[in-house]
Amino acid sequence: MKKLLSVSLCAVMAASLAACGGGAGTGGGAGTGGGAGVNADAGTGVEGGNSGTGESGGQDGYGDVTLTVGFNGDFTTMVDAVIGAADSLNEKYAAEGIDTRITIEADYQTIDNTEFHNNIVFAHKSGEAPDIFICDTDVAGFVNAGCVLDITDVITDSMVEGICTPCTVDGKVYAMPFDLPLRVIYYNKNDLAKIGWSQEQIDSLPEQIQSGEFTLEDFTALCQEVVEKGGATYGMVHRPGAGNDFYDLLNALGGRYYNEEGQLVFDEAGITRLFQYLYDNAQTTKITPENLNQMGWDTINQMVGTGEAFAYFGPMFSATYVAQAAGLETDAFAQQEQFVLFPKSAYSDGPFCTAAPQFMSISADTQYPELCKEIFKELQGDASSYLAHHSAETYSLSSVKAANEMEEITSSTILSPVTYMADYAQHIPAVDDATTLRGLIFEQITSLELGQTTVEQAVQDVKTQAQLNIDKIIME
Amino acid sequence: MKKMQNGQAYPFLTPFMILVSIFYIVPAILTIAMSLTGLDSSFVWEWNNFNNYRKILLDPNTGKIVLNTVVFVGCAIALTIVLDLVIAVLVTYFIKNESISSFFKSLIMIPMITPAVVYSVLWIWLLDASENGVVNQLYMGVTNSAIPLNWIAKYPMQIVVMATVLTSLGFGAINFSSAIKSIPEDQFKAARIDGAGEWEIVSGIILPNIRYHIQFIALWETLGLLTNYVTIMLITDGGPSMQTEVWALSAYHKAFTNQQYGYGAAISMVLIFVVMVLMLLLNKVTSRRDA
C-alpha cells in the first residue's frame with residue numbers, strides 16, 4: 001500500500017515538475033523563442049493595425065482609443081506633453097470628421113531607472129508594455145530586447161540638430177528626445193562677491209570661459225581661492241553616485257570614453273588625469289569633502305543651494321532640486337547661480353557642455369503605432385508649446401527648435417542666459433556598456449576621495465575590471 | 001496501522017512539495033542555466049558556456065570578497081554565539097524573576113523586529129561623519145577633538161558586524177534560554193551540593209546540556225549570514241573600496257546594479273553550493289541530536 005502510494009505520489013510530483021518544466025520551457029521561450037513569438041505577434045498585430053486601421057483610420061478613424069504611458073521620474077511635465085499632444089490631435093480629428101478620440105492613461109513611478117528598464121522589458125516579454133514609455137540611456141538594451149519601435153520616420157527637421165544621436169542605434173532612431181538639458185558647471189555668484197570680486201568681474205566670467213581664456217585649471221584654482229578666503233566651505237562638489245557627469249569631467253581633461261565609431265574606450269591617460277584631479281580636490285586642496293560620496297542628495301543640494309559649496313558639475317535640471325533644497329524660487333535662484341560651460345583645459349580643445357535629453361519611446365507591442373507616432377509628430381509641430389513648458393519647468397532647453405523660440409523659454413531667467421550653450425553641446429551616441437564602465441570608475445572615485453587608494457592603483461583596478469567585465473572595450 | 005499512518009503523511013506533503021517544486025526547484029534550475037549565459041539588460045539568453053565561472057576565478061576581487069565573507073561570517077557568528085550564551089545564562093539562570101527576565105528578552109528582540117531599512121538608517125544617522133553625528137558628538141566631547149571621525153569609512157567591517165550581530169541576538173538568546181530552562185533542576189541542585197561554583201555550573205552543566213542547540217544556532221546563523229546582505233547593503237553598500245563586499249552582496253551588485261544577470265547567477269551558484277554543504281552538516285547535527 002505504502003509502495004503504491006509512494007509511486008503514485010512520485011507520479012504526481014513528476015507530473016507537477018513536468019508541468020513546471022513546461023512552464024519553464026515557456027518561460028525560457030519567453031526569453032528567447034517566446035520573445036520572438038511576442039515580437040512576431042506584435043509585428044503581425046502592428047501590421048494588421050497599420051493596414052486595417054490605416055484604411056479605416058483614413059475613412060472612419062480608430063474610435064475611442066486608450067493609450068497607456070509608462071513614466072518614471074519626477075518631471076511629469078513629459079507626460080503632460082503627451083496628454084497635450086493627444087488633446088491637440090483629438091481636436092484636429094474632430095474638426096476633420098475623423099472618428100478617433102485618444103485618451104491617455106499614465107502610470108507614474110519614481111523608482112530606480114534600472115528597475116524601471118527591467119519592468120518594461122518583462123512587460124514586453126508578456127506583451128503588456130505601455131504604448132509609450134520613458135526610455136533611459138540604455139536605448140541599445142531596449143532595442144536588443146525588441147521592446148521599441150523604430151521611429152526614424154517620425155523625426156523631422158524641427159528637432160534640434162544632432163539631438164537624436166543618443167537614441168540612435170545602427171542608424172535608426174528608437175526614441176524621441178523631449179528636452180535638451182545640458183550638463184554644465186554651475187557656481188554661486190554670491191560666494192564670489194564674498195571674496196571681493198566686483199560685479200563686473202562676476203559678470204564677465206562666463207564669457208571668459210566661453211572664449212577659452214579662463215581654463216579648467218583657473219576655475220579649480222578659483223574654487224580653492226573661494227574656500228581659502230572664506231567664501232564657501234567647499235569649492236567643488238559632485239553627485240554622490242555613478243553618473244555621466246564624471247565622463248564630462250573626463251572629456252574636460254582631454255580624455256574620452258568612446259571613439260568615432262561609438263565603441264567604448266578605456267583611455268588610460270585620460271582616466272589617470274580624472275582620478276588625479278578628483279584625488280587632489282579631496283585630499284590635497286580639500287575643495288571637495290572627502291566623504292562626499294557618503295552624503296545624500298539632499299545634503300549636497302542644500303550645500304550647493306546655500307552657497308556652502310561654491311561649484312557643482314552636473315545636469316542643469318538638477319538645479320531644480322538645488323533650488324528646492326535651498327527654498328528658493330526660480331528667479332531668486334537665477335540671481336545667485338551661474339551656469340557655465342566646462343572650461344577648456346590644458347588637455348582639451350575648447351569649452352563644451354553635454355546634451356543629456358530625456359526620451360520617450362513607442363512600444364513594439366502597441367496596437368496603435370501610427371497614433372503614437374502622430375502624437376510624437378504633433379509634439380514637434382502644433383503641440384510643441386507643451387515641450388517648451390516641460391523644458392522651462394525643468395531648467396532645460398527644448399529638443400524642438402520652435403519651442404526654444406517660445407516665450408516660456410526666452411523669458412526664463414534661468415534659460416535665456418544659456419541658450420548660447422546649445423552651440424557647444426556635445427551629443428553623445430548610445431555607447432554599449434558605458435554604464436558598466438562608469439560604475440567601475442565611480443567605485444574608484446569613492447576610494448580615491450577617501451584617500452584609501454592611490455591614483456595608479458585605482459587606474460589599474462578599473463582597467464582590470466573593465467577587461468574582465470566588458471567584452472568589447474578598446475584599451476587605449 | 002503504522003503503515004497507514006505513514007502513508008497519510010504523503011498526501012499532506014504533496015501540495016507543499018508541488019509549491020517547492022514550482023517556486024524553488026524550477027527557479028534553481030533556471031539559475032543554473034542563467035549562470036551559463038551572458039544575460040544582460042536585454043534579457044536575451046545567449047550561452048557563453050562557463051565564461052562566468054572563469055570570470056569569477058580571474059577576478060582579482062574574488063579573493064578579497066571571499067576573505068570579507070569569511071571575516072564577516074566568522075566574527076558575526078563568534079560574537080553572536082558568545083553574546084547569545086551570556087544573555088541566555090544571565091536572563092535564565094541568574095535572573096530567576098520571570099518578569100524581569102522577560103523584560104530583558106523583549107529588549108534584545110527590538111533590533112530583530114525593527115525593519116532593516118529603519119535599523120540601518122539609525123546606524124547611518126548615529127555614525128554621521130559630520131560634527132552633528134551622535135557618536136561624533138560623544139567622541140569629540142570625550143576626546144576634546146575638533147575633528148569629527150568618518151566612522152563608516154574608517155571601520156566599515158566592524159560596523160556592519162556589530163549591526164548584524166545585534167539583529168541576530170534575539171533568536172539565539174531566546175533559543176538558548178529555552179534550552180537552559182529544560183535542564184532538570186536536579187542537576188543544578190546536585191552540583192551545588194557537591195560545592196560547584198557558578199562558573200563550574202555554567203561550564204559543566206549548562207554548556208554540555210545545550211551543545212546541540214549551540215551547534216544548530218551556529219549553523220543556522222551561518223546560513224543566514226552567508227545569504228543575507230541587507231544590512232551591509234544599506235549601511236555601506238559593500239564599500240568603501242570593497243571593504244565590506246561579501247559574496248551574496250557581490251552577486252546582487254553584479255546582477256542588479258551592473259545588470260550582468262548571468263554573472264550574478266554564477267556567483268549565486270557558488271553560494272548555493274556552499275549553503276548546500278552547510279545544510280547537509282545542519283541535517284547531520286539535527287539527526288545526531290534526535291538519535
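Points worth noting:
- Average partner coverage of B:34-45, which counts Cβ from other chains inside 10 Å: 5
- Taking amide hydrogens as placed 1.01 Å from N in the peptide plane, the amide H of A:Val148 sits under 5 Å from those of A:Ala364, each at least 5 positions away in sequence or on another chain.
- Largest accessible area first, the residues B:Ser42, B:Ser102 order themselves as B:Ser102, B:Ser42 under a 1.4 Å probe with ligands, DNA and RNA left out.
- Residues whose amide H comes within less than 5 Å of that of A:Thr103, counting only those at least five positions distant or on another chain, are A:Val65, A:Thr66, A:Leu67 (H built at 1.01 Å from N in the peptide plane).
- Of the peptides B:139-147, A:397-405, the order by per-residue mean of other Cβ atoms within 10 Å, starting with the highest, comes out as A:397-405, B:139-147.
- Binning the C-alpha pair distances of the range A:110-216 at 5 Å intervals from 0 yields a P(r) profile of 2, 9, 16, 14, 12, 9, 8, 9, 9, 7, 4, 1, 0 %, listed from the shortest bin outward.
- For a paramagnetic label modelled on A:Glu260 (point 7 Å from Cα along Cα→Cβ), amide N atoms under 18 Å away belong, within the range A:330-361, to A:349.
- From phi via Karplus (6.51, -1.76, 1.60), per-residue ³J(HN,Hα) for the range A:240-256 in Hz, x at Gly/Pro: x, x, 5, x, 6, 4, 6, 5, 4, 5, 4, 4, 4, 9, x, x, 8
- Around the amide H of A:Met236, modelled in the peptide plane, lie the amide H atoms of A:Thr288, A:Phe310, A:Ala311, all under 5 Å away and 5 or more residues distant in sequence or on another chain.
- At least 50 Å² of accessible area lost relative to the chain alone, listed for the range A:432-476 with a 1.4 Å probe: A:Gln452, A:Gln465, A:Leu468, A:Asn469
- The heavy atoms of B:Glu131 offer some 100 square angstrom of accessible surface to a 1.4 angstrom probe.
- Coupling constants for the range A:174-179 follow from the phi torsions by the Karplus curve (6.51 cos²θ - 1.76 cosθ + 1.60, θ = phi - 60°), and in residue order they are 10, 7, 10, x, 9, 7 Hz; glycine and proline get x.
- The B:Phe16 and B:Val118 beta-carbon pair, evaluated with R₀ = 35 Å, returns a calculated FRET efficiency of approximately 0.60.
- The range B:61-290: C-alpha pair distances exceeding 23 Å, %: 58 percent
- Looking at chain B, the accessible area is 54 square angstrom per residue; that uses a 1.4 Å probe and ignores ligands, DNA and RNA.
- Between B:Met162 and A:Ala346, the distance separating the two model label sites (each 7 Å from Cα on the Cα→Cβ line) works out to 4.4 nm.
- Counting only protein heavy atoms and a 1.4 Å probe, the range A:303-385 has 30 square angstrom of accessible area per residue.
- Estimated FRET transfer efficiency when R0 is 25 angstrom, pair B:Tyr53-A:Asp150 (beta carbons, to 0.05): 0.10
- 0 to 90° range, to nearest 10: angle between helix A:2-31 axis and chain A longest Cα axis: 60 degrees
- The range A:156-314 shape via C-alpha gyration tensor axes, a/c threshold 1.5: prolate
- Gain on full extension, evaluated as 0.36 nm per residue between A:Glu213 and A:Asp471 minus their Cα-Cα distance, stands at 88.8 nm.
- Calculated FRET value between A:Thr419 and B:Val135, using beta carbons and R₀ = 41 Å, to 0.05: 0.25
- Karplus-derived 3J(HN,Hα), 6.51/-1.76/1.60, for each residue of the range B:31-38, Hz, glycine and proline x: 5, 4, 4, 4, 5, 9, 10, x
- Using a 1.4 Å probe over protein heavy atoms, the accessible area lost on pairing A with B, summed over both chains, comes to approximately 2900 Å².
- Over 22 Å (Cα to Cα) - which of A:Lys463/B:Lys64; A:Lys172/B:Lys254; A:Lys194/A:Lys286 fall in this group: A:Lys172/B:Lys254
- Compared with the alpha-carbon gap, the fully stretched path from B:Thr143 to B:Gln187 is longer by 10.8 nm at 0.36 nm per residue.
- Exposure check, 1.4 Å probe, all protein chains in place: B:Met269 carries approximately 40 Å² of accessible surface.
- Remark: the range A:70-217 carries 41 Å² of accessible area per residue (probe radius 1.4 Å; ligands, DNA and RNA excluded).
- 0 to 90° range, to nearest 10: angle between helix A:268-279 axis and chain A longest Cα axis: 60 degrees
- When peptides B:20-26, A:331-337 are ranked by their average number of other Cβ atoms within 10 Å per residue, the highest-first order is A:331-337, B:20-26.
- The protein assembly as shown, dipole about Cα centre (Lys/Arg Cβ +1, Asp/Glu Cβ -1), debye to the nearest 20: 5140 debye
- Whether the range B:13-103 is rounded, prolate or oblate, judged on the alpha carbon gyration tensor where a/c under 1.5 counts as rounded: oblate
- Taking every alpha-carbon pair within the protein assembly as shown, the share separated by more than 49 Å comes to 30 percent.
- Heavy-atom surface analysis with a 1.4 Å probe gives the protein assembly as shown a carbon and sulfur content of 58 percent of its accessible area.
- Translational D in µm²/s for the range B:52-115 (Stokes-Einstein at 4 °C, 1.567 mPa s, Kirkwood Rh from C-alpha pairs): 87 µm²/s
- Cα shape, the range A:264-332, gyration tensor, a/c 1.5 rule: prolate
The values are calculated or read from the model by the stated rules, or taken from the named source; none is laboratory data. Small disclaimer: the values here were computed from a predicted structure and weren't measured. Cβ sites come from the backbone with ideal geometry, for glycine too, and all protein chains shown count toward neighbours. For accessibility, only protein heavy atoms count, side chains too; no ligands or nucleic acids. Shrake-Rupley method; radii C 1.70, N 1.55, O 1.52, S 1.80 Å.
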